[in-house]
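Okay, so here's the structure we're looking at.
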Amino acid sequence: MEFTKPTIEYAQLWPLMLVLGAACVGVALEAFLPRGRRLLPQLGLTLGALVAALVGTIVVARGLDPVGGPTSEGGGRGIVGAMGSVAVDGPAVFFWGLILIFAIGGALLFAERRLDGGVSAFAGQAATVPGTEAEKATQDLEHTEIFPLLLFAVGGMMLFPAADDLLTMFVALEVLSLPLYLLCGLARRRRLLSQEAAMKYFLLGAFSSAFFLYGLALIYGYAGSMQLAAIDAAIRNDSDNRALLVIGLGMLCVGLFFKVGAVPFQAWTPDVYQGAPTAVTAFMSAGTKIAAFGAILRLLYVGFGADRWTWQPMLWIVAILSMVVGAVLAIAQTDVKRMLAYSSIAHTGFLLTGVLGAQPFSELAKGQVTSLQAVLFYLTTYGFAMLGAFAIVSLVRDASGESNSIARWAGLGRRSPLVAGAFAFFLLSMAGIPLTAGFVGKWAVFTVAMSAGAWPVVLVAIGSSIVAVFFYVRQIRVMFFVEPAADADIATVTRPSLLTSATIAVGLLGTVVLGIVPGPVLDLAAHAGQFVR
């Protein structure tokens with residue numbers, strides 16, 4: 001038996017390796033630096049690695065070579081490296097760029113200290129039992145482990161949409177998930193709620209991993225390989241054991257649906273959003289969804305694109321349920337974070353509507369927006385709005401800390417018009433109001449779904465958007481047009497440091513620019529091309 005030396009394309013994979021390497025260095029810093037001297041080195045290492053990886057991603061994107069012809073369904077730019085396990089192509093580096101941008105914002109929110117009186121929003125020692133003397137004795141400790149955990153999660157998120165075989169995709173799923181389970185349980189305040197969120201997120205992740213791994217085994221039994229290109233070839237050759245294909249594909253999709261919070265797999269998603277530290281919720285709501293949808297797109301378009309008539313009906317049902325359930329249940333919420341969580345579930349349905357627009361590349365009219373292009377743009381607009389909105393939620397406080405009750409936001413527009421105005425603009429973008437980024441994003445995904453014949457799903461999406469306008473406008477009305485009761489506790493805005501202010505400003509700028517001038521980002525998404533096969 002001849003030994004084949006493994007090869008790694010370092011020139012294309014180094015941004016991903018840099019992030020994971022920096023995470024390992026961060027663990028070493030935790031081991032060797034005194035606790036009181038870890039914050040600045042950890043923050044500097046994290047931001048430096050993320051910025052360097054973002055620059056490296058741009059360099060890699062500019063150096064990708066064309067693969068396939070301009071009219072080929074498999075046409076694209078990039079390589080399949082690491083012995084066929086990782087694809088570095090236009091869509092992959094686009095996802096990398098998005099994940100890194102929002103990870104930088106997340107790191108800035110993690111480092112915020114002014115909002116809690118000079119201490120972190122994260123618990124000093126997560127293992128202490130809430131309400132005990134041990135917790136009080138450690139409440140002033142600095143929990144800097146959050147930064148290497150963030151980097152490990154970002155590394156997994158970068159690998160997830162680039163994975164070109166199912167086993168690598170599973171490893172990426174675990175690498176991005178495990179740090180997030182820990183981060184969700186580290187809130188300094190409301191410790192029990194935070195620990196409950198961590199446990200529920202762990203159970204959701206366990207279900208996701210179990211379904212995905214079982215589906216992986218069935219698909220391997222069907223195709224004899226875990227590489228997406230080999231699976232596609234097996235489907236095109238009409239292999240036997242079609243039952244293995246259908247059941248395996250269904251289980252893979254269920255595993256990924258848990259990750260994006262699609263109905264009916266969303267049960268504890270609002271609890272996780274509510275209980276996790278708000279900085280973690282902000283990062284997780286943007287980064288996890290971008291990474292998971294990148295994996296869904298690559299899985300369905302590259303591995304199972306030839307069998308789209310099998311998975312498209314399933315996506316119809318899941319998209320419709322997600323939009324309807326997310327929009328309707330958001331109306332009943334009295335907590336801002338839970339309202340945004342159900343809004344996120346509805347947005348999952350809108351994104352799946354865009355995924356439904358998949359058509360063979362050769363059937364697309366010249367200049368027509370592709371399904372991949374539409375979903376990439378929607379994820380960009382969604383990420384800026386969610387990151388900015390949750391950053392603002394962390395500012396609104398009362399005597400007990402963050403004040404997430406909608407009733408306590410009454411009159412906030414008079415007390416802090418700039419903050420309330422920015423939050424209102426994020427909500428209007430999520431609602432899809434014209435001249436906001438969300439409007440262009442919804443127009444793009446609805447257009448590609450209509451062109452693919454999924455008009456019933458588009459009609460439900462339009463109806464759900466109209467329903468969603470109600471709870472978004474209700475929140476704006478509470479802030480600007482409702483007077484708080486005379487004896488009611490009201491929330492005020494705590495002045496943040498430059499770290500949180502910069503995150504909100506970038507989110508607001510991205511939402512405004514993408515709403516007024518969406519062309520450059522749409523062109524960038526189009527330039528990313530198709531997935532490499």
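Overview of results
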| read-out | value |
| --- | --- |
| Sole residue being in contact (Cβ under 8 Å) with a residue 12 or more places away in the chain and crowded, with 22+ Cβ neighbours inside 10 Å, chosen from Val448, Val467 | Val448 |
| Near pairs, Cβ below 7 angstrom, 6+ apart or cross-chain, from the stretch 472-490 (under 30 Å from Ala346 (Cα atoms) and outside any loop (DSSP other than H, G, I, E, B)) to any residue that is at pLDDT below 90 and among the β-branched types (Val, Ile, Thr) | Gln475/Ile406; Val478/Ile406 |
| Odd one out for Asp232 among (1) over 24 Å from Leu183 (Cα atoms); (2) part of a helix (DSSP H, G or I); (3) free of Cβ contacts under 8 Å to residues at least 12 places away in the same chain | (3) |
| Which listed residue is under 25 Å from Ser403 (Cα atoms), under 16 Å from the mean Cα position of the chain (by Cα), at pLDDT below 95 and not basic (Lys, Arg), from Ala341, Ala327 | Ala341 |
| Complete set of residues in the stretch 36-51 that are crowded, with 18+ Cβ neighbours inside 10 Å and more than 20 Å from Ile101 (Cα to Cα) | Arg38 |
| Any hit, the stretch 192-200, residues being out of contact with any Cys (no Cβ under 7 Å at 6 or more places or on another chain), more than 15 Å from Asp271 (Cβ to Cβ) and at pLDDT 90 or above | no |
| Residue in the stretch 412-433 that is part of a helix (DSSP H, G or I), charged (D, E, K, R) and over 25 Å from the mean Cα position of the chain (by Cα) present | yes |
| Check on Ala437, in contact (Cβ under 8 Å) with a residue 60 or more places away in the chain and over 19 Å from Leu522 (Cα atoms) | no |
| Residue match in the stretch 473-485 (condition: surrounded by 13 or more Cβ atoms within 10 Å (Cβ to Cβ), among the polar types (S, T, N, Q), in contact with a Phe, Trp or Tyr (Cβ under 9 Å, 6 or more places away or on another chain) and more than 26 Å from Val355 (Cα to Cα)) | yes |
| Matching helices (runs of 4 or more DSSP H) fully within the stretch 146-223 where at least 2 residues are among the polar types (S, T, N, Q), closer than 28 Å to Gly21 by Cα and touching a Leu at 6+ places or on another chain (Cβ under 8 Å) | 191-223 |
| Within the stretch 101-124, tally of residues that are in contact (Cβ under 8 Å) with a residue 60 or more places away in the chain and part of a helix (DSSP H, G or I) | 12 |
| Unmet criterion (only one of (1) of a type outside the set (Gly, Ala, Ser); (2) over 24 Å from Trp443 (Cβ atoms); (3) surrounded by 24 or more Cβ atoms within 10 Å (Cβ to Cβ)) for Met314 | (3) |
| Index of the failed condition, Leu372 passing every other in (1) at pLDDT below 90; (2) surrounded by fewer than 24 Cβ atoms within 10 Å (Cβ to Cβ) | (2) |
| Only listed residue being under 24 Å from the mean Cα position of the chain (by Cα), modelled with pLDDT under 90, surrounded by fewer than 23 Cβ atoms within 10 Å (Cβ to Cβ) and under 24 Å from Leu297 (Cβ atoms), chosen from Leu204, Leu216, Leu178, Leu167 | Leu204 |
| Leading residue by the ranking (modelled with the lowest pLDDT) among those in the stretch 267-286 that are surrounded by fewer than 24 Cβ atoms within 10 Å (Cβ to Cβ) and not in a helix (DSSP H, G or I) | Ala267 |
| Number of positions in the stretch 451-463 that are in a helix (DSSP H, G or I), among the hydrophobic types (A, V, I, L, M, F, W, C) and at pLDDT below 90 | 1 |
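The values are calculated or read from the model by the stated rules, or taken from the named source; none is laboratory data. The structure displayed is predicted, hence computed values, not measured ones. With ideal geometry, Cβ positions are generated from the backbone for all residues, glycine too; neighbour counts draw on all protein chains shown.
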